[in-house]
Amino acid sequence: MSSKLTRALLKEFEKYTSEVHFKKITSPSGRVLKLDGNENLFLNYKYINRIIRDSLNEIETNIYTDTLCQDLREAIGKHFHLPADYILVGNGADGVIDTIVKTFLEPGRKAVVVEPTYSIYKFFIKIMGAVYIPTLLEDDFSIISEKITATCDNETKLIFICSPNNPTGNQFPYDEVINIIKNSDSIIIVDEAYAEFGNYSLIPALRKYSNLIILKTMSKAYGLASLRAGYCLANPEIIEELLKISPPYPVNIIAQKIIPKIFTHVKLILNTVNMIQKQRSKMIKQLNNINGVKAYPSDANFILFRIKDKKLTGDIIHEKLLKKGVILRNRGSLPKLENCLRVTVCPPEESEIFIDALKECMS
Ligand SMILES: Cc1ncc(COP(=O)(O)O)c(C=O)c1O
């Protein structure tokens with residue numbers, strides 16, 4: 001009955017879920033490795049929990065916080081040497097993407113997305129009834145800026161570029177991304193969820209480009225995935241428009257209180273980023289040493305690899321690993337990613353278990 005009352009376009013939709021519910025996975029050894037979420041597995045969550053516990057006394061949970069999270073916007077701005085009016089916060093970067101899409105899209109308008117990439121862009125664009133225009137990466141996962149700008153027309157309002165790109169792992173060259181920003185009348189969203197693990201950030205260039213939105217999250221390098229906080233940085237004129245659509249109280253009070261404190265521990269975060277970068281090189285080497293596996297270079301905290309075996313497929317290996325309690329993200333259904341799996345860079349002890357399990361599955 002109620003499905004007759006919902007919006008017509010919901011017929012094409014399925015609920016957005018992660019592939020597996022990790023609490024339901026078991027393994028013969030009793031140990032389950034969750035390596036599908038690109039979280040920071042080098043940060044001791046107990047350390048973060050201590051910061052949260054120390055903040056609890058300052059929190060009045062019965063009182064609404066300020067609707068715009070102004071203190072948090074100021075703290076983030078201060079961190080990047082920008083005024084607060086350059087910042088919009090949200091319930092994770094996903095919440096910010098939702099707000100951006102609602103602000104610029106409606107039926108008939110277009111959004112260009114460089115694919116294969118993070119699937120939530122498509123989800124939110126389609127919910128708006130807007131036209132989704134995928135433009136494919138080259139076979140080596142690079143981009144050609146002219147090809148992307150050539151797909152745009154007057155109805156193109158947004159271009160999404162994820163860099164470093166999830167799930168391919170590569171960060172696109174600075175000049176290629178800047179070319180797109182310079183040669184387009186659309187708003188360019190550069191998703192830098194993983195930029196801390198890469199080679200550069202566009203934030204220093206932000207003031208130069210009035211059509212640029214840089215998306216950031218506290219879920220990856222900063223280790224706060226389940227606290228749900230993200231933000232974007234953009235010209236104040238864009239932020240003012242986004243604020244018209246942004247839901248009130250977008251970030252919970254605990255996240256609001258602890259994010260400024262986490263920024264004072266940035267050395268610790270960068271230390272874990274450094275460990276992840278070193279471990280990433282080791283894991284890529286180990287993966288490439290397995291017969292029938294090709295791992296791609298990565299500028300992020302995860303690695304994409306392809307199963308290149310005549311008898312085995314990515315789906316088979318994914319299933320076999322699940323039975324051993326190792327959870328990876330199966331990306332094989334995305335364009336150009338046949339038989340590809342994605343693994344989070346993890347500390348040496350977990351990595352050894354994962355590599356041994358993969359070797360067994362491949363033999
Ligand atoms: C590229 C990219 N952007 C944004 C997000 C969402 O981040 P958040 O947890 O802040 O919603 C993710 C999460 O995996 C991601 O991979």
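Throughout, read-outs are computed from the coordinates displayed, never taken from laboratory work. Predicted, not measured: the structure shown is a model, and the values here were computed from it. Cβ coordinates were reconstructed from backbone atoms using ideal geometry, including for glycine residues, and neighbour counts include every protein chain displayed.
A few points about this structure:
- Cross-link pairs exceeding 23 Å in C-alpha to C-alpha distance, out of Lys24/Lys308; Lys147/Lys278; Lys126/Lys308; Lys285/Lys359; Lys122/Lys285; Lys147/Lys216, comprise Lys24/Lys308; Lys147/Lys278; Lys126/Lys308; Lys122/Lys285; Lys147/Lys216.
- Euclidean distance of C-alpha centroids, segment 118-161 and segment 259-324, integer Å: 26
- Considering only Asn211, Ser186, Ser226, the residue lying farthest towards the positive end of the dipole of the chain is Ser226, judged by Cα position with unit charges set on Cβ.
- From most to least packed by mean Cβ count within 10 Å, the peptides 55-65, 298-308 give 298-308, 55-65.
- For the chain, a crude dipole built from +1 on the beta carbon of Lys and Arg and -1 on the beta carbon of Asp and Glu, taken about the Cα centre, is about 1100 debye to the nearest 20.
- Translational diffusion of the chain, estimated by Stokes-Einstein from the Kirkwood radius over alpha carbon pairs at 25 °C in a medium of 0.890 mPa s, is 114 µm² per second.
- Segment 59-265 - percent relative contact order, Cα under 8 Å, separation 6 or more: 28
- For segment 59-265, the convex hull spanned by the alpha carbon atoms encloses 114 Å³ per residue.
- For Cys69, Cys340, order by how many other beta-carbon atoms lie within 10 Å, fewest first: Cys340, Cys69
- Ordering Ser298, Asn62, Met283 by Cα displacement along the dipole of the chain toward the positive end leaves Met283 in first place; charges were set at the Cβ atoms of Lys, Arg (+1) and Asp, Glu (-1).
- Under a model in which nothing but the beta-carbon of Lys, Arg (+1) and Asp, Glu (-1) is charged, segment 59-265 shows a dipole of about 400 debye around its Cα centre.
- For segment 26-89: span of alpha carbons on each principal axis (Å, largest first): 52, 29, 19
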